[in-house]
Amino acid sequence: MALRQYALTASPVNACLPEAPRHPWLVRKNCAHCHQLFLPRHNPQQNYCSQRTCQNKRKYLWRKRKHADDPDYRINKQSTNKKWQRQHTDYWRKYRASHPEYEKRNRQQQRLRDQKHIQGVCKSDASHLAKCDASPPKNNIKSGVYRISPVASGGLAKSDALLVEISYMTTS
Ligand SMILES: [Zn+2]
(Lines give C-alpha, C1' and ligand atoms only; values in the text may rest on other atoms or scores of the structure.)
Protein backbone atom coordinates (compact mmCIF):
# COMPACT_ATOMS: atom_id res chain seq x y z
CA MET A 1 0.00 0.00 0.00
CA ALA A 2 2.83 2.37 0.86
CA LEU A 3 4.50 1.64 -2.52
CA ARG A 4 1.36 2.47 -4.48
CA GLN A 5 1.01 5.81 -2.70
CA TYR A 6 4.58 6.67 -3.60
CA ALA A 7 3.96 5.92 -7.26
CA LEU A 8 0.88 8.14 -7.42
CA THR A 9 2.62 11.14 -5.83
CA ALA A 10 5.76 10.67 -7.95
CA SER A 11 3.97 10.46 -11.27
CA PRO A 12 3.15 14.18 -11.82
CA VAL A 13 6.70 15.21 -10.93
CA ASN A 14 8.24 12.75 -13.43
CA ALA A 15 5.92 13.93 -16.18
CA CYS A 16 7.54 17.39 -16.07
CA LEU A 17 11.12 16.16 -16.31
CA PRO A 18 12.73 16.20 -19.79
CA GLU A 19 13.26 12.85 -21.39
CA ALA A 20 16.88 11.70 -21.30
CA PRO A 21 18.39 11.53 -24.82
CA ARG A 22 18.68 8.02 -26.25
CA HIS A 23 21.93 8.95 -28.03
CA PRO A 24 24.48 11.56 -27.03
CA TRP A 25 23.94 13.54 -30.25
CA LEU A 26 20.22 13.93 -29.69
CA VAL A 27 20.74 17.41 -28.34
CA ARG A 28 19.07 20.41 -29.89
CA LYS A 29 21.33 22.81 -31.78
CA ASN A 30 20.87 26.15 -33.50
CA CYS A 31 20.82 25.91 -37.27
CA ALA A 32 23.83 27.67 -38.83
CA HIS A 33 21.56 29.36 -41.39
CA CYS A 34 18.13 30.09 -39.86
CA HIS A 35 19.33 29.92 -36.21
CA GLN A 36 16.24 27.96 -35.16
CA LEU A 37 16.59 25.03 -32.77
CA PHE A 38 16.63 21.61 -34.42
CA LEU A 39 17.44 18.04 -33.51
CA PRO A 40 20.34 16.53 -35.47
CA ARG A 41 19.07 13.27 -36.89
CA HIS A 42 21.86 12.09 -39.17
CA ASN A 43 25.06 12.80 -37.30
CA PRO A 44 26.25 14.81 -34.31
CA GLN A 45 28.13 17.25 -36.59
CA GLN A 46 24.94 18.27 -38.41
CA ASN A 47 24.84 22.08 -38.33
CA TYR A 48 21.90 22.82 -40.59
CA CYS A 49 18.25 21.97 -40.01
CA SER A 50 16.27 20.07 -42.63
CA GLN A 51 14.49 23.07 -44.15
CA ARG A 52 15.05 23.34 -47.87
CA THR A 53 16.60 26.84 -47.75
CA CYS A 54 19.03 25.77 -45.01
CA GLN A 55 20.03 22.60 -46.86
CA ASN A 56 20.49 24.62 -50.06
CA LYS A 57 22.74 27.02 -48.16
CA ARG A 58 24.78 24.12 -46.76
CA LYS A 59 25.21 22.60 -50.23
CA TYR A 60 26.09 25.98 -51.74
CA LEU A 61 28.82 26.57 -49.14
CA TRP A 62 30.15 23.04 -49.59
CA ARG A 63 30.40 23.48 -53.38
CA LYS A 64 32.00 26.90 -52.97
CA ARG A 65 34.64 25.55 -50.58
CA LYS A 66 35.25 22.50 -52.77
CA HIS A 67 35.62 24.69 -55.85
CA ALA A 68 38.22 26.84 -54.05
CA ASP A 69 40.17 23.98 -52.47
CA ASP A 70 40.00 21.05 -54.90
CA PRO A 71 41.50 21.51 -58.40
CA ASP A 72 40.17 18.11 -59.54
CA TYR A 73 36.65 19.10 -58.55
CA ARG A 74 37.06 22.40 -60.41
CA ILE A 75 38.29 20.74 -63.63
CA ASN A 76 35.58 18.10 -63.47
CA LYS A 77 32.92 20.73 -62.91
CA GLN A 78 34.16 22.82 -65.83
CA SER A 79 34.15 19.87 -68.22
CA THR A 80 30.69 18.84 -67.02
CA ASN A 81 29.42 22.37 -67.58
CA LYS A 82 30.94 22.56 -71.07
CA LYS A 83 29.42 19.21 -71.99
CA TRP A 84 26.02 20.37 -70.76
CA GLN A 85 26.35 23.62 -72.72
CA ARG A 86 27.16 21.70 -75.91
CA GLN A 87 24.07 19.58 -75.41
CA HIS A 88 21.83 22.57 -74.57
CA THR A 89 23.08 25.28 -76.92
CA ASP A 90 19.80 27.21 -77.01
CA TYR A 91 18.94 26.93 -73.29
CA TRP A 92 19.86 30.50 -72.36
CA ARG A 93 18.33 31.97 -75.52
CA LYS A 94 15.02 30.26 -74.67
CA TYR A 95 15.32 31.19 -71.01
CA ARG A 96 15.86 34.87 -71.82
CA ALA A 97 12.94 34.82 -74.27
CA SER A 98 10.61 33.40 -71.62
CA HIS A 99 11.97 35.59 -68.78
CA PRO A 100 12.10 39.19 -70.06
CA GLU A 101 12.57 40.55 -66.52
CA TYR A 102 15.72 38.42 -66.19
CA GLU A 103 17.17 39.85 -69.39
CA LYS A 104 16.25 43.41 -68.37
CA ARG A 105 17.92 42.99 -64.95
CA ASN A 106 21.01 41.48 -66.59
CA ARG A 107 21.34 44.43 -68.93
CA GLN A 108 21.05 46.89 -66.04
CA GLN A 109 23.66 45.04 -64.02
CA GLN A 110 26.01 44.84 -67.02
CA ARG A 111 25.64 48.59 -67.54
CA LEU A 112 26.56 49.15 -63.86
CA ARG A 113 29.57 46.82 -64.17
CA ASP A 114 30.70 48.65 -67.32
CA GLN A 115 30.43 52.02 -65.55
CA LYS A 116 32.34 50.75 -62.53
CA HIS A 117 34.99 49.26 -64.81
CA ILE A 118 35.44 52.53 -66.70
CA GLN A 119 35.61 54.51 -63.45
CA GLY A 120 38.05 51.98 -61.97
CA VAL A 121 40.27 52.10 -65.05
CA CYS A 122 40.26 55.92 -65.01
CA LYS A 123 41.21 56.03 -61.33
CA SER A 124 43.75 53.23 -61.29
CA ASP A 125 45.59 53.65 -64.58
CA ALA A 126 46.86 57.07 -65.65
CA SER A 127 47.73 55.73 -69.12
CA HIS A 128 43.99 55.50 -69.85
CA LEU A 129 43.51 59.13 -68.90
CA ALA A 130 43.18 60.28 -72.51
CA LYS A 131 40.34 57.79 -73.07
CA CYS A 132 38.52 58.68 -69.87
CA ASP A 133 39.03 62.42 -69.86
CA ALA A 134 36.79 63.66 -72.65
CA SER A 135 37.78 67.32 -72.32
CA PRO A 136 39.11 68.79 -75.57
CA PRO A 137 42.83 68.59 -76.13
CA LYS A 138 44.76 71.85 -76.03
CA ASN A 139 45.17 72.82 -79.68
CA ASN A 140 43.72 75.36 -82.05
CA ILE A 141 41.35 73.07 -83.95
CA LYS A 142 37.71 73.86 -83.31
CA SER A 143 34.61 71.85 -84.07
CA GLY A 144 33.27 72.44 -87.56
CA VAL A 145 33.24 71.27 -91.17
CA TYR A 146 36.64 70.92 -92.80
CA ARG A 147 37.81 70.14 -96.30
CA ILE A 148 40.44 67.42 -96.45
CA SER A 149 42.59 67.24 -99.55
CA PRO A 150 45.14 64.59 -100.26
CA VAL A 151 48.55 66.15 -100.65
CA ALA A 152 50.70 65.22 -103.59
CA SER A 153 54.40 64.56 -103.17
CA GLY A 154 55.25 68.13 -104.22
CA GLY A 155 53.09 69.59 -101.44
CA LEU A 156 50.27 70.63 -103.78
CA ALA A 157 46.68 69.73 -102.93
CA LYS A 158 44.91 67.39 -105.31
CA SER A 159 41.44 68.22 -106.53
CA ASP A 160 39.57 65.27 -105.01
CA ALA A 161 38.90 66.86 -101.65
CA LEU A 162 36.58 65.46 -98.98
CA LEU A 163 34.34 67.36 -96.62
CA VAL A 164 34.45 66.10 -93.04
CA GLU A 165 32.99 67.31 -89.83
CA ILE A 166 35.19 67.36 -86.75
CA SER A 167 33.59 67.68 -83.36
CA TYR A 168 34.90 67.16 -79.85
CA MET A 169 33.45 64.42 -77.75
CA THR A 170 32.18 65.57 -74.39
CA THR A 171 30.64 63.63 -71.55
CA SER A 172 27.99 66.26 -70.82
ZN1 LIG B 1 17.69 26.13 -40.63
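The values are calculated or read from the model by the stated rules, or taken from the named source; none is laboratory data. Given the structure is predicted, the values throughout are model-derived calculations rather than measurements. In this analysis, Cβ positions are derived from the backbone assuming ideal geometry, glycine residues included, and neighbour counts consider all displayed protein chains.
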With respect to Gln51, determine if the residue is surrounded by 10 or more Cβ atoms within 10 Å (Cβ to Cβ), under 30 Å from Lys29 (Cβ atoms) and not small (Gly, Ala, Ser).
-> yes
Could you give every pair whose Cβ atoms fall below 9 Å, whose first residue belongs to segment 29-45 and is free of Cβ contacts under 8 Å to residues at least 60 places away in the same chain and within 18 Å of Lys59 (Cα to Cα), and whose second residue is of a type in the set (Val, Ile, Thr) and near the ligand (Cβ under 10 Å from one of its atoms), counting only separations of at least 6 or pairs across chains?
-> His33/Thr53; Cys34/Thr53
Taking segment 31-63 as the region of interest, how many residues are near the ligand (Cβ under 10 Å from one of its atoms), hydroxyl-bearing (Ser, Thr, Tyr) and not in a loop (DSSP other than H, G, I, E, B)?
-> 1
Arg74: modelled with pLDDT of 95 or more and surrounded by 11 or more Cβ atoms within 10 Å (Cβ to Cβ), yes or no?
-> yes
Residue count, segment 94-116, condition under 17 Å from the mean Cα position of the chain (by Cα) and not in a helix (DSSP H, G or I), comes to 0
Is it the case that segment 13-25 has a residue that's of a type in the set (Gly, Ala, Ser), at pLDDT below 95 and assigned to a helix (DSSP H, G or I)?
-> yes
